[in-house]
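This report refers to the structure that appears directly beneath it.
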Amino acid sequence: MAYDYDSSIRPGKLPHIWCPGCGHGIVMKGLIRAMDTCELDRKNTAIVSGIGCASRLPGYLDACTLHTAHGRAAAFATGVKMAKPEMDVIVCGGDGDGTAIGGNHFIHACRRNINMTYVLMNNFIYGMTGGQFSPCTPTGDKASTTPYGNPDPIFDISKLAIGAGASFVARTTAFHATQIDKLIAEGIKHKGMAVIEILDDCPTTYGRRNKFRSVVEMMERLKDMAVPVAAAAKLPAEKLEGKILTGILHQEDKPEYTAQYAEVIKKAQGA
Amino acid sequence: MSSPKGEVEIIEQYCKGCNICVAFCPTNVLEMDLFVVKAAKPEACIACMQCELRCPDFAIKVHKKEA
Amino acid sequence: MAKKVALLQGNDACAQGAVYAGCTFFGGYPITPSTEVAEVLSGELPKVGGKFIQMEDEIAAMASVIGASLTGAKALTATSGPGVSLKQELIGYACIAETPCVIINVMRGGPSTGMPTGPGQSDVMQAKWGTHGDHAAIALVPASCQEIYEETIRAFNLAEKYRMPVQVLYDEIVGHMRERVEFAEPGELEVIDREAPSVSPEEYKPYDDTKGQIPPLASYGSGYKFHVTGLNKAADGFPTTKAELVDAEERRQIDKVDDNVADIEKFETYMTEDAEVIIWAYGSTSRSARYAVNDLRKEGIKAGLFRPITLWPFPEKQTAELAKQAKAIIVPELNLGQMVIEVERVAKGDCKVAAIGRVDGEPINPGQIAGKVKEVL
């Protein structure tokens, strides 16, 4: 059967605002399938975002959706989760929103290991404002504010999340559609901060400036870049040059923040 | 030729003509027609779901046919 | 039964008032001279099953407060001038998304780090104009520890009733002084909770004003699925750029305060009936002003005190009437002339208006005010 996405989407909201070939729609489908896999009750699911193309995602989904200010999604989500820990909380947004203006909130949500799932769509660019370089624009690439090539080094978002303390970190690409929902579902099931980085394409503001001739070529690149972690372990270092590891990169059991705070309440109440 | 395993439904008003589905269909069922996809060879569909999974615009549904 | 009383610091009184009002969430970040509010609530909130979280920065604190409020919690943050500057974008978010919350600003000098341990009243214009865009503002300015307790409760009530952020501003002097505070018994003071929707989740629109200026706000996790955004939006909560809808939304959010000034305003007058000179003062400065009035009266000068407790919306009517009655209005403030601008605007030249400004970290004393009165008359 064709997958039933319609029951998760607010009536009348399609077509969405994303450009032709933008991978955010593929990610949204994956997120819907993951929420279905985990049987999330949408009345008790908060989907929180910041500002940017990827942050428009929650508006399409029939749930408790919160489109906040630029960079602040993780902090708003932390308030929601702390105040109502019984809610499932999903954050979505882009690389600029999450790791530049929102970088501090991102790393501290990871550090607290608060139980939420952060779906970070990394398309290497600020798309909504017209293609300025982000902390994830590859060095040397063209953006509207790097006409001579980007002099900045990049963030490895997954490594950043692991270093900051997130207890579940996974990565895939918009090409690997079936892996998107599997990893997000694993993240939702995981008790703690789960970061799912999805390498994505922005044909309009990144692809055109960087000599990609088509959306399909960008998709092919995502396909070629990805090496599953298990396969990578068997490959020599030179074969991994320019590649990115995909799959579950890190998973550990460690105290979750709202559970820790429940203990604080017990202590305060003299239990 | 065996009968198609799936029926491709295209929601034309959602299609933005990105060409992803056309490129990744393993049996070349799909074609672009003035920036909107159409099922040019519907009989070749093997219901692999690649086009539905990768369509960013919710514009393709593949209905699997009972064997 | 004797009332429960305690010798409390202003910041502690604020925390106690918040608990009385039903606050169950505090998101904050340490900053002098407000930190004691956070310290006290880190102990008190978990006792009542509430949540305290120290966030990674001031912006995050404000974000967490809005997020918590949308789940139905009465949410608070406390900070000082630099912190409010950082929070301003999200205060605007709370305005346009119509999310109830309370922001305590224990004022110090400035700009920038200024004199963190000294008193100031330099954020009174920031409370009105700090965030970008047009929006209504409610700001309360208590002048004693007892009043901080009560005004914090009232701030929550106004936030819940009018579905908007409410700021409580008091200067470091009041925040750090210790006074006798009488606690209210349960039920003694009014505690207002936001209006819940009367329609089913299917029919609910979070910004539907057809039944009144203040649309009921559902809580996340209560069966209602709805969208909240900082974009201009239609009644259903989804973004719009339709001119007539954007205009109506912006105007309604301002009108909901302007049309209810009588409910929101609060002030005290002291010996103003026959006063020829009015000292228009708020916060710690009003305490010196009261002494100045007494001293001037002893000398035969008919002085009186007008003390706004609600600073925003500005007490236009009362100030205009006093300007007609008096020869002069003196506005002492721990800044270099902020509210005096409003007083001048409203007085419309009906009387002299003079400012006393002080930003050296010292309070304005009664002698300074009395001296100015004599100079002006």
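The values are calculated or read from the model by the stated rules, or taken from the named source; none is laboratory data. Owing to the predicted nature of the structure, the values given are computational and were not obtained by experimental measurement. All Cβ positions, even for glycine, are placed from backbone atoms using ideal geometry, and neighbour counts span all protein chains on display.
Total residues in region A:184-218 satisfying the condition of being under 30 Å from A:GLY140 (Cβ atoms) and part of a helix (DSSP H, G or I): the figure is 12.
Can you name every residue in region B:1-18 that is within 12 Å of chain A (Cβ to nearest Cβ) and not acidic (Asp, Glu)? If you could, list the steps in order and put the result at the bottom.
Pass one, region B:1-18, residues within 12 Å of chain A (Cβ to nearest Cβ): B:6-18.
Correct list: B:GLY6, B:VAL8, B:ILE10, B:ILE11, B:GLN13, B:TYR14, B:CYS15, B:LYS16, B:GLY17, B:CYS18.
How about region A:160-177: which of its residues are assigned to a strand (DSSP E or B), away from chain B (no Cβ under 14 Å) and not aliphatic (A, V, I, L, M)? Matches in region A:160-177: A:PHE168, A:ARG171. Is it fair to say A:GLY247 is over 21 Å from B:ILE20 (Cα atoms), away from chain B (no Cβ under 14 Å) and in a loop (DSSP other than H, G, I, E, B)? No. Remark: pairs (first residue in region A:1-23, facing chain B (nearest Cβ under 7 Å) and closer than 13 Å to A:ARG33 by Cβ; second residue of a type in the set (Ser, Thr, Tyr) and surrounded by 17 or more Cβ atoms within 10 Å (Cβ to Cβ); Cβ separation under 6 Å; 6+ apart in sequence or on different chains) are absent. Filtering region A:192-219 to residues that are acidic (Asp, Glu) and in contact (Cβ under 8 Å) with a residue 24 or more places away in the chain leaves A:GLU197, A:ASP200, A:ASP201. Here is the figure for region C:57-75: residues that are part of a loop (DSSP other than H, G, I, E, B) and closer than 16 Å to C:GLY230 by Cα total 0.
Kindly establish whether C:LYS205 is more than 10 Å from chain A (Cβ to nearest Cβ) and in a loop (DSSP other than H, G, I, E, B). Taking the combined requirement at face value, the residue satisfies it. Condition first: of a type in the set (Gly, Ala, Ser), crowded, with 21+ Cβ neighbours inside 10 Å and within 9 Å of chain A (Cβ to nearest Cβ). Now tell me which residues in region C:73-94 satisfy that. If the condition is that a residue be of a type in the set (Gly, Ala, Ser), crowded, with 21+ Cβ neighbours inside 10 Å and within 9 Å of chain A (Cβ to nearest Cβ), then C:ALA73, C:ALA75 are the ones that fit.
Residues in region C:20-56 that are assigned to a loop (DSSP other than H, G, I, E, B) and either touching a residue at least 60 places away in the same chain (Cβ under 8 Å) or more than 7 Å from chain A (Cβ to nearest Cβ) (or both): C:GLY22, C:TYR29, C:PRO30, C:ILE31, C:THR32, C:PRO33, C:SER34, C:GLY50.
Filter region C:282-322 down to the residues that are farther than 21 Å from C:ILE369 by Cα and among the hydrophobic types (A, V, I, L, M, F, W, C), then identify the one that is surrounded by the fewest Cβ atoms within 10 Å (Cβ to Cβ). Filtering first and then ranking leaves C:ALA320. For region C:153-168, the condition of being farther than 25 Å from C:VAL359 by Cα and small (Gly, Ala, Ser) holds for at least one residue.
Tell me, please, whether a residue that is part of a strand (DSSP E or B) and more than 14 Å from every other protein chain (Cβ to nearest Cβ) can be found in region A:70-89.
No - not one qualifying residue is present in region A:70-89.
Conditions (1) closer than 20 Å to A:VAL195 by Cβ; (2) among the hydroxyl-bearing types (Ser, Thr, Tyr); (3) surrounded by fewer than 18 Cβ atoms within 10 Å (Cβ to Cβ), marked per residue:
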{"residue": "A:MET121", "(1), (2), (3)": "yes, no, no"}
{"residue": "A:GLY130", "(1), (2), (3)": "no, no, yes"}
{"residue": "A:LYS142", "(1), (2), (3)": "no, no, no"}
{"residue": "A:ILE154", "(1), (2), (3)": "yes, no, no"}
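Within the group A:GLY207, A:GLY187, which residue is within 25 Å of B:GLY17 (Cβ to Cβ) and surrounded by 16 or more Cβ atoms within 10 Å (Cβ to Cβ)?
A:GLY207
Whether a residue is in the same structural domain as C:ALA143 (by TED's automatic domain parsing), under 30 Å from C:PRO142 (Cα atoms) and touching a residue at least 60 places away in the same chain (Cβ under 8 Å) was assessed, and C:ARG178 passes this test.
Looking at C:VAL124, C:VAL166, just one residue is touching a helix residue (DSSP H, G or I) at 6+ places or on another chain (Cβ under 7 Å), within 30 Å of C:GLU250 (Cα to Cα) and part of a loop (DSSP other than H, G, I, E, B), and that residue is C:VAL124. A:SER167 satisfies every condition listed in (1) within 28 Å of A:GLU86 (Cα to Cα); (2) touching a strand residue (DSSP E or B) at 6+ places or on another chain (Cβ under 6 Å) except (2).
Looking only at residues in region C:214-246 that are of a type in the set (D, E, K, R) and more than 18 Å from C:GLY92 (Cβ to Cβ), which one is surrounded by the most Cβ atoms within 10 Å (Cβ to Cβ)?
Out of the qualifying residues, it is C:LYS225.
Among C:LEU296, C:LEU322, C:LEU311, C:LEU245, which is the only one that is under 30 Å from C:ASN232 (Cβ atoms) and in a helix (DSSP H, G or I)? Within the list C:LEU296, C:LEU322, C:LEU311, C:LEU245, the selection yields C:LEU245.
All conditions in (1) in contact (Cβ under 8 Å) with a residue 60 or more places away in the chain; (2) touching a Lys or Arg at 6+ places or on another chain (Cβ under 9 Å) hold for C:ALA347, with the sole exception of (1). Screening region A:178-218 for residues that are more than 19 Å from the chain's Cα centre (by Cα) and more than 14 Å from chain B (Cβ to nearest Cβ) and picking the one that is farthest from A:ALA54 (Cα to Cα) gives A:LYS211. The combined condition, being touching a residue at least 40 places away in the same chain (Cβ under 8 Å), of a type in the set (Phe, Trp, Tyr) and more than 24 Å from A:GLY131 (Cα to Cα), is not fulfilled by A:PHE175.
Residue count for region A:40-69 under the criterion of being closer than 26 Å to C:ILE53 by Cα and either among the β-branched types (Val, Ile, Thr) or more than 8 Å from chain C (Cβ to nearest Cβ) (or both): the result is 9. Taking the criterion of being facing chain A (nearest Cβ under 10 Å) and over 9 Å from the mean Cα position of the chain (by Cα), the residues of region B:19-46 that qualify are B:ASN19, B:ILE20, B:ALA23, B:PHE24, B:PHE35.
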